[in-house]
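Comments concern the structure below.
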């Protein structure tokens, strides 16, 4: 399950990229449906939504656009795990200026 909140602690949506140790992107881009397109590495998930991953080790990057810092996480999915939570608190880029 995805537990993603913005810098104020409010539930939100973010872009997630999951890669295994060989650099392969998950979930498989060829099997995606809108809003997760096959030609993007990232998928979009909101607070409380989930991602199905096979057992293994993953590097995860998370962002929510130019006003937020990209964050990186390491995630291990065990072979007997039925559900686990990835908790993300997004961090804003305070140096961002709109013109």
Once the piece of chain linking residue 38 and residue 57 is laid out straight, how much longer is it, given 0.36 nm per residue of separation minus the C-alpha distance between them? 4.6 nm
For residue 93 and residue 49 in one chain, what is 0.36 nm times their gap in residues minus the Cα-Cα distance, to one decimal in nm? 13.3 nm
Along the Cα→Cβ direction, 7 angstrom out, place labels at residue 21 and residue 3. What is the inter-label distance in nm? 2.7
Quick one: length gained pulling residue 70 to residue 10 fully straight, 0.36 nm per residue minus the C-alpha distance? 19.8 nm
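No value in this document is a laboratory result; all are computed from the given coordinates. All figures in this text were calculated on a predicted structure; none of them were measured in a lab. Every residue, glycine as well, gets a Cβ built from its backbone with ideal geometry; the counts of neighbours run over all protein chains shown.
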